[in-house]
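Working notes for the structure below.
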Amino acid sequence: MLNFANAGKTLEVVDTHVVALYDAETGRIAHVHTVTVFKGGSPVTEKEAIEAARKVANKSGVKTDRLKIKVSKDAAHGRGPHRIDVASGNFLPLPAHKRKA
């Protein structure tokens, strides 16, 4: 039997930056980076979030020089698969892959 207990108060999120680095022709997201700022934490600018996304992507082997950038304040855009609609520039959710049994 599993027992779950509350460990205390949850931290309040005061800002979110979801940075997607994507192919301008296909909308395929090559790297997504989420920055979450909690109450009492140091603020992060959009520019800093973009720089962090590029740095992490480059360290992971993603070549970012030809990728476009889309930033969102919606944390859901950093969860689950998405692509960028090249016509509108909006995040579009993709269906989750089904795992084989």
Would you call T34 of a type in the set (S, T, Y) and at pLDDT below 95?
-> no
Given (1) without any contact (Cβ under 8 Å) to a residue 12 or more places away in the chain; (2) surrounded by 15 or more Cβ atoms within 10 Å (Cβ to Cβ); (3) of a type in the set (S, T, Y), number of the condition T36 does not satisfy | (1)
Those strands (runs of 3 or more DSSP E) lying entirely in the stretch 56-97 with at least 2 residues charged (D, E, K, R) and loosely packed, with under 12 Cβ neighbours inside 10 Å = none
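The values are calculated or read from the model by the stated rules, or taken from the named source; none is laboratory data. Everything numeric in this text was worked out from a predicted model, so none of it was measured. Here Cβ is always computed from backbone atoms with ideal geometry, including for glycine, and neighbour counts include all displayed protein chains.
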